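Reading through the structure tokens given below for one structure.
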Amino acid sequence: MKKTQWYKDAVCYQIWPRSFCDGNGDGIGDLEGVLSKLDYLQDLGINCIWFSPLYCSPNADMGYDISDYRNISPDHGDNELFKKVLDEAHKRGIKVIMDLVVNHTSDEHEWFVKGIDKNSKYHDYYHWRDGKGNKNPNNWSSLFEGKAWEYNKENGQYYLHLFSKKQPDLKMENPEVRKEVKEIMKYWLDMGVDGFREDVITFTSKRDGLPNGFPIPQACGMEHYKDGPRIHEFLSEFREVLDDYDCFVVGEAPLMTPKNALKYIEEKPGQELDMMFHFQHMEADCIFMDCLNKPFSLKQLKKVFSNWQESLYGKAWNALYMENHDHPRIINRYGSVEYREESAKSIANSYMLQCGTPFVYQGQELGMINIDLPNVEDYQDIFAVNNAKTLKLFGFSDAKIEERLKTSSRGNARTPVQWDDTDNAGFTTGTPWMPVNPSYKDGINAKAEIADPNSVYNHYKALIKFRKENPIAVYGKYKEYCKSSKELYVYERTYEGKKMLVICSYSDKAADFKAPAGYDLSKGKAILCNYETNPVSANGFTTRPYETRVYVFD
Ligand code: NOJ
């Protein structure tokens, strides 16, 4: 199989199926809905879709608890319909990658159900341990709810769950489990999918042990499973399957640094993953988790951006993203609701023009914002259970905890996509499974934005087009300027004698921008601006709130 690096030229769009578009009126997004929006996606210009899990699932963690890896959940359709989506996407030049969630299954997966019996071969598919007296086998915490061990009355043992207790961890150390994973990969690749996003893949090798004191309570034990002892062996084994297909894999990797990432993604023989979703740039306004907030620091964000750009250039490939289904909307975090459109565009320019493959999360291209719901439970996010405990430990008051849980909830990114200004924003003709953000009535919807040349949608569309037509945006070398600025993020890309200067304000305050030495802005062409289309400028200007401009020099 001739492997190509088509993913380097791709712009990916993440679909979180439950909230994308409902085709059958049951209030839950489905594949009929996706089919009806493929033209929309083609028009936006993206050329790859990443589907968050579509498989059968009891939805304890909204699809990330899988009970059948080979079948599409009836909530979303069936395998035949999925095949149709795949074919229709391919016809439009859009590749499709699936989520591969193999750190854990659902506790309703037949492997787990059968494996409760100690004599079943499936028992060894999971991490079962005897308790220490009537205590847990060790003191690891779950990232989602309390301790990482759950007692099972039937067999008198405890099983490991790093996430919710309905998500028992698979024992990747068992070769039979790895065989199953490889067969699942082949199954979807043979159907025609073009790769995978691998869920918390760097957590899949575990070693027994007691923690040595990770600072965050819910990460207690993490040093024994983050980049565990056999992780590189497992990923190399999976790579053998992937090498038979012209596909790519992007691994999700919490707490990853560029230096460590190179062990997985460096482009040399033995490369395990094609790129990685690290989290460092998502921590510019929080400590490790969204709920532990601190004031947004542009300097921190810039440092992370530049570190990844510089460390990987020429050696490995970056995955670029600012939103996904696990974080509140970026405008509420790093931008401004008051300057919604300006900040959405500035943020878009700031990450999409870096070197790497950009990912756009559904609704991000519309500048969707967080929702304000009356109760924490309304956000339907299981993560809240542990987050509440963590905030309590850090001494937050009950009122503050409530406020933090709402603003940091993953539910903010999971409200239905706003398609138009009809009932339920055109997401469903039924009752939506989660409330629709009323902002669709204020012009934040696809229909209105398609019609408005200055909308966030049309900015993304122009950005994607520019990236497709200009290799400098994909492959150019990166250099940061104005490093000490607290308001401006400025970087250049250079490629085959061409230059591009990206200027992005992350502030509602005016800031003085002076072009770096050697630049004459009057000789460049300003594009992708968020105030006037052709701003006139000598070699500097005072930025307006969240102003962004890109100067290209041929
Ligand atoms: C990461 C996924 O993105 C998140 O949504 C999920 O809850 C956890 N992994 C567990 O699968």
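List the number of the failed condition for residue 17; all other conditions in (1) surrounded by fewer than 21 Cβ atoms within 10 Å (Cβ to Cβ); (2) within 24 Å of residue 319 (Cα to Cα) hold.
Answer for residue 17: the failing condition is (1).
State which residue is surrounded by the fewest Cβ atoms within 10 Å (Cβ to Cβ) when the search covers only the stretch 364-385 and only residues that are within 21 Å of the chain's Cα centre (by Cα) and within 16 Å of the ligand (Cβ to nearest atom).
380
Pull out all pairs, ordered by first then second residue, where Cβ-Cβ is under 9 Å, the residues are six or more apart or on different chains, the first lies in the stretch 378-395 and is without any contact (Cβ under 8 Å) to a residue 12 or more places away in the chain, and the second is among the acidic types (Asp, Glu) and away from the ligand (no atom under 16 Å from the Cβ).
Within 9 Å, the pairs are 392/398.
How many of the residues making up the stretch 123-176 are more than 16 Å from the ligand (Cβ to nearest atom), part of a loop (DSSP other than H, G, I, E, B) and within 22 Å of residue 391 (Cβ to Cβ)?
Residues flagged as more than 16 Å from the ligand (Cβ to nearest atom), part of a loop (DSSP other than H, G, I, E, B) and within 22 Å of residue 391 (Cβ to Cβ) within the stretch 123-176 amount to 1.
Which condition number in (1) assigned to a loop (DSSP other than H, G, I, E, B); (2) away from the ligand (no atom under 16 Å from the Cβ); (3) more than 24 Å from residue 319 (Cα to Cα) is the one that residue 93 fails?
(3)
Mind listing whichever residues of the stretch 45-82 are more than 15 Å from the ligand (Cβ to nearest atom) and hydroxyl-bearing (Ser, Thr, Tyr)?
Hit for the stretch 45-82 is 73, nothing else.
Could you go through the stretch 495-506 and let me know if any residue there is assigned to a loop (DSSP other than H, G, I, E, B), at negative phi, over 26 Å from the mean Cα position of the chain (by Cα) and among the small types (Gly, Ala, Ser).
No: the stretch 495-506 contains no residue that is assigned to a loop (DSSP other than H, G, I, E, B), at negative phi, over 26 Å from the mean Cα position of the chain (by Cα) and among the small types (Gly, Ala, Ser).
Filter the stretch 96-116 down to the residues that are among the charged types (D, E, K, R) and within 16 Å of the ligand (Cβ to nearest atom), then identify the one that is surrounded by the fewest Cβ atoms within 10 Å (Cβ to Cβ).
Applying the filter and picking the extreme gives 108.
So, in the stretch 384-435, how many residues would count as being closer than 20 Å to residue 326 by Cβ, outside any helix (DSSP H, G or I) and touching a Cys at 6+ places or on another chain (Cβ under 7 Å)?
Here the count works out to 1.
Give the residue, chosen from 460, 489, that is in the same structural domain as residue 349 (by TED's automatic domain parsing), closer than 30 Å to residue 363 by Cβ, among the hydroxyl-bearing types (Ser, Thr, Tyr) and touching a Leu at 6+ places or on another chain (Cβ under 8 Å). Give the steps one after another, and end with the answer.
On the way: 489 fails: in the same structural domain as residue 349 (by TED's automatic domain parsing).
When all the criteria are applied, what remains is 460.
The values are calculated or read from the model by the stated rules, or taken from the named source; none is laboratory data. Being a predicted model, the structure only gives us computed values, none of them experimental. FYI the Cβ positions are ideal-geometry reconstructions off the backbone, even for glycines, and counts take in every protein chain you see.
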